[in-house]
Amino acid sequence: MKKLSWLFLGLSLFSSASMATSQDSIRFGVEASFAPFEYKKPDGSLTGFEIDLGNALCKEMHKKCVWVQSNFDGLIPSLNVNKIDAVFSALGVTDKRRKQVTFTNAVWTGYSSMLSRTQAHLKPTAESLQGKVVGVQQGTMQEHYVRERFAKHGVEVRTYQDQDQVYADLVNGRIDASFQDMIQAQFTFIEAGKNRGFSNQQVSDVLLPADSAIAVKKSNTKLAAQLNQALQALHDNGTYDRIQSHYFGDLKLYHK
């Protein structure tokens with residue numbers, strides 16, 4: 001009996017230590033191929049606007065940041081089976097996702113867009129894209145949008161695991177157009193990628209809300225409230241503006 005008692009005590013202490021570690025950290029799920037929001041440096045370390053902002057949030061909350069990488073379409077499933085505590089990965093606040101998760105206040109705001117070669121004179125309409133091939137990252141709100149709006153009108157929808165693969169096929173002519181976040185497309189594809197022969201057309205639709213936020217498990221309203229409080233503190237003390245300026249210059253991503 002004494003041996004069993006010690007065993008149970010040890011297991012109890014181990015369980016308590018594990019809970020303490022969990023309470024002292026936040027595991028952010030991220031898909032790190034979406035510069036300048038989240039991406040990898042040559043040495044493999046993570047960087048980007050949301051990475052820096054997430055680390056600042058953890059510092060404000062006196063918690064350790066743990067970044068857990070995943071395919072984008074696996075982020076919410078990972079959240080709902082407790083593999084991560086929150087999703088911080090340019091996640092648009094859609095009605096469909098609101099049924100699955102609890103969102104924080106908006107972290108940043110930006111429209112979606114369609115990229116295509118300027119000389120092709122394509123427009124983001126079913127009529128213009130009929131018979132064309134459109135590329136999107138799998139699991140994104142843009143994928144849901146093009147399937148709902150274009151797939152039944154003779155537009156082929158091709159999905160990819162990450163945004164870099166979408167851009168590669170767009171440049172190589174394997175797809176005619178792509179849909180994604182407009183800011184990311186402008187900074188990464190057109191400017192940094194020097195793809196000046198492409199147009200980046202803004203797309204507005206009820207299926208493409210402009211706000212992005214952090215998602216937590218549906219029942220975890222406590223963590224959502226803590227993140228909101230920390231986010232407000234970063235706005236108040238100037239940390240948000242400093243990080244925003246570092247990645248986007250004079251462009252303002254946050255609108256009250």
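The values are calculated or read from the model by the stated rules, or taken from the named source; none is laboratory data. All of these numbers come straight from a predicted model, not from anything done at the bench. Note that each Cβ is placed from the backbone with ideal geometry, even for glycine, and that neighbours are counted across all protein chains shown.
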- Going through segment 210-230 one residue at a time, which ones are under 17 Å from the mean Cα position of the chain (by Cα) and either within 16 Å of Phe37 (Cβ to Cβ) or surrounded by fewer than 16 Cβ atoms within 10 Å (Cβ to Cβ) (or both)? Ala210, Asp211, Ser212, Ala213, Ile214, Ala215
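If I ask for residues that are aliphatic (A, V, I, L, M), more than 15 Å from the chain's Cα centre (by Cα) and surrounded by fewer than 22 Cβ atoms within 10 Å (Cβ to Cβ), which ones from segment 78-126 would you list?
Val81, Ala120, Leu122, Ala126
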- For segment 153-199, what are the residues that are at pLDDT below 95 and of a type in the set (Lys, Arg)? Lys194, Arg196
- Pairs under 6 Å by beta carbon, first residue over 12 Å from Gln69 (Cβ atoms) in segment 26-47, partner among the charged types (D, E, K, R), six or more apart or different chains? Ile26/Lys63; Ile26/Asp85; Phe37/Glu50; Thr47/Lys41
- Message: Just the residues that are out of contact with any Leu (no Cβ under 9 Å at 6 or more places or on another chain) and more than 18 Å from Ile84 (Cα to Cα), please, taken from segment 202-227.
- Response: Gln202, Val203, Ser204, Asp205, Val206, Leu207, Leu208, Pro209, Ala210, Asp211
- Note on the structure: Taking segment 231-242 and keeping only residues that are assigned to a loop (DSSP other than H, G, I, E, B) and within 19 Å of the chain's Cα centre (by Cα), one is left with none
- Query: Counting only residues that are free of Cβ contacts under 8 Å to residues at least 24 places away in the same chain and assigned to a loop (DSSP other than H, G, I, E, B), how many does segment 103-136 have?
  - Reply: 2
- Message: If the requirement is being charged (D, E, K, R), assigned by TED's automatic domain parsing to the domain that holds Ser128 and out of contact with any helix residue (DSSP H, G or I) (no Cβ under 9 Å at 6 or more places or on another chain), which of these qualifies: Lys222, Lys194?
- Response: Lys194
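If the requirement is being free of Cβ contacts under 8 Å to residues at least 24 places away in the same chain and either closer than 22 Å to Leu122 by Cα or in a helix (DSSP H, G or I) (or both), which of these qualifies: Ser199, Ser245, Ser178?
Ser245
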